[in-house]
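A short worksheet on the structure shown next.
The values are calculated or read from the model by the stated rules, or taken from the named source; none is laboratory data. Here the structure is a predicted model, which is why all the values come from computation and not from measurement. Cβ placement follows ideal geometry from the backbone for every residue including glycine, while neighbour counts extend to all protein chains displayed. Each accessible area value is taken on the protein alone, full model and side chains, heavy atoms only, with ligands, DNA and RNA left out. Shrake-Rupley method; radii C 1.70, N 1.55, O 1.52, S 1.80 Å.
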Amino acid sequence: MHYVLELLADSTPSSGRLPVEWPLRRLDSLFAVQQGKQVSKKHRVGDNQRPFLRTKNVLWSRIDLSELDEMHFTAAEEYRLRLAPGDLLVCEGGDIGRTAIWDDQIESCYYQNHLHRMRPKQGAKVFSRFALYWLWYAFEVGEIYFGRGNNTTIPNLSQSTLRELPLPVPPLDEQRKIAAVLGLVQRAIEQQERLIALTGELKRALMHKLFTEGLRGEPRKQTEIGPVPESWTVRRVGEIARLQSGGTPSRKNPEYWADGSILWVKTGEIDYRIIRATEESITPAGPANSSAKLFPSGTLLMAMYGQGVTRGKVGILGIEAATNQACVAFFPNGEVSSQFLRYYFEHHYDAIRTLGHGANQKNLSAEILRAFPIAFPSDDQGQLSIVEPLEAIVRRLILAEHKRLLLSDLFRTLLHQLMTAQIRIHDLDLTGIEGVIGGEK
């Protein structure tokens, strides 16, 4: 507890302490702490199979019920381990301390032994959602419990350790108001996340319609890449564009890297976006003495290598830049625009990825990509009519993602300042917050 006080003193007002009306209490003085049932083969059999939560179901302030597991619970275990509204669920391992509240999302649910259930004790002046936000701050943002010199390599959060952790306890009314403000911002973030997901689905559906049906209602013809409008031209990428890969200046020579002024793109930075910033830069001496090349703004890039989902992604340079050898640049000859090609490749992402070769990782190559078929309207206006609605959706996505980022920053700032009493809830300008959120009530 003394350690927590020292850390809080670094963040709180000039008095160096939390307000006197915010006493520190051990968690077990406010909550009954209990772990769930162990998962085992023996418990997989039995005629009383019941749903239970695992650590993967418990996210910060959210329960994910998309993949619920089941096992046998006796009548006594049902009585002891059945979740009730307001129960806090705290992860023992993995993302240690990750916490959510059970709000009776489904009837009769239980939990495994890698989760701690914290149930407010009768008469305890603690609001569960305030405690959740404190744990979020203490574990994830302020690193009050573990980190900053404390046990940073702790493998799990034992029940005994959790019980003795301290929690500041403001007056109950203040707890509720703090939780309400943070909840307001959190709901706004979730609203943007839903908007991003829906807009992404709309974009995928629109791409499928545009690249298989077009906009003119004309008959379709079958090709090796599926149905396309009858009037569209079908060619190979190598027939309509020149392809060129980049290179990596020797890292042994600091002259190529120190204080570089030329952006240098790696495959992980290609993600269906306009690229205006990169992690690394090179000097003009780099391209002059290696296979690295300068590509102009507007160049379409594709990742040829990369772990996970990287291979096959495309992006467009928003500034002159160089790339490594795992990126390929496309220079259309005038028959197809770079923007049309960008969305065409995005629509055929899965098909392109299957063409890769390699024993451990299926890499693409310029040769493979040159042979990939492309169907397109032969006139510029026809291509533009495909690109314009997709560009409009991308702009909506960018705005929603930017707003989500701003709200996330606001949430973390408020979480820190409210939990350390740098801002008291009665001094907070809620009008300003509502303005950032967009007027959500």
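Work out, step by step, the length gained on full extension between Tyr272 and Arg82: first 0.36 nm times the residue separation, then minus their alpha carbon distance; give nm to one decimal. Let's see the in-between values first.
Numbers: separation 190, 0.36 × 190 = 68.40 nm, distance 4.54 nm.
Difference between extended and current length: 63.9 nm.
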Probe 1.4 Å, all chains present, heavy atoms only: Ser40 accessible area in Å², nearest 10, is 40
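Given the DSSP H assignment, sum -39500 (n - 2.57) over each helix run of at least 4 residues in the chain and divide by its residue total; what's the result at 222 nm in deg cm²/dmol, nearest 500? List each step's numbers first, then the result.
Details: 12 runs with 150 residues, N = 441.
Calculated mean residue ellipticity at 222 nm is -10500 deg cm²/dmol.
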When the charge dipole of the chain is computed with +1 on Lys and Arg Cβ and -1 on Asp and Glu Cβ about the Cα centre, the Cα farthest towards its positive end, among Leu157, Leu301, Leu88, belongs to Leu157
Quick calc of log₁₀ I(q)/I(0), region 102-250, Debye, one scatterer on every Cα, no solvent, q values 0.09, 0.15, 0.17 1/Å, result -0.65, -0.98, -1.19
The size of the Cβ-based charge dipole (Lys, Arg +1; Asp, Glu -1) of region 22-138 about the Cα centre, to the nearest 20 debye, is 440
From most to least accessible, 1.4 Å probe, no ligand or DNA/RNA atoms counted, Asp69, Asp104 line up as Asp104, Asp69
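Report the charge-dipole magnitude of the chain in Debye, nearest 20, computed about the Cα centre from +1 at each Lys and Arg Cβ and -1 at each Asp and Glu Cβ.
Values: 53 positive and 51 negative charges, 160 e Å.
In total the dipole reaches around 760 debye.
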Per the C-alpha gyration tensor (a ≥ b ≥ c, the square roots of its eigenvalues), region 184-272 is rounded if a/c is under 1.5, else prolate if a/b beats b/c, else oblate; here it's oblate
When the charge dipole of the chain is computed with +1 at the Cβ of Lys and Arg and -1 at the Cβ of Asp and Glu, the Cα pointing farthest to the positive end, of Phe411, Phe130, Phe52, is that of Phe52
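Contour minus end-to-end for Arg204 and Asn113, with contour as 0.36 nm per residue of separation and end-to-end as the Cα-Cα distance? All intermediate terms of the calculation are to be shown ahead of the outcome.
On the way: separation 91, 0.36 × 91 = 32.76 nm, distance 4.07 nm.
Gain in length upon complete extension: 28.7 nm.
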What the Cα atoms of region 63-182 span along the principal axes, largest first and in whole Å, is 42, 37, 27
Averaging 1/r across every pair of distinct alpha carbons in region 368-426 and inverting yields a Kirkwood hydrodynamic radius, in angstrom, of 15.8
Checking rank on 21-27, 321-327, with mean other Cβ inside 10 Å and highest first, the result is 321-327, 21-27
Site Gln49, offset 7 angstrom along Cα→Cβ, radius 12 Å on amide nitrogen, limited to region 70-112, gives 70-73
Computed on Cα atoms, the radius of gyration and Dmax of the chain in angstrom are 27.8, 77
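What is the diffusion coefficient of region 40-106 in µm²/s, taking the Kirkwood radius over Cα pairs and the Stokes-Einstein relation at 4 °C with a viscosity of 1.567 mPa s?
Values: Rh = 12.8 Å.
It comes out at roughly 101 µm²/s.
Can you pull the percent of the chain's accessible area that's carbon plus sulfur, 1.4 Å probe, other chains left in place?
Numbers: 10630 of 21270 Å².
Whole-percent figure for carbon plus sulfur exposure: 50.
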The alpha-carbon center of region 291-335 and that of region 47-98 are separated, in whole Å, by 46
Two pseudo-spin positions, 7 Å from Cα along C-beta at Val39 and at Leu215, lie apart in nanometres by 4.9
Given Cβ charges of +1 for Lys and Arg and -1 for Asp and Glu, the option among Phe139, Trp232, Gln222 whose Cα lies farthest towards the positive end of the dipole of the chain is Phe139
If every Lys and Arg gets +1 and every Asp and Glu gets -1 at its Cβ, then about the Cα centre region 78-205 yields a dipole, in debye to the nearest 20, of 140
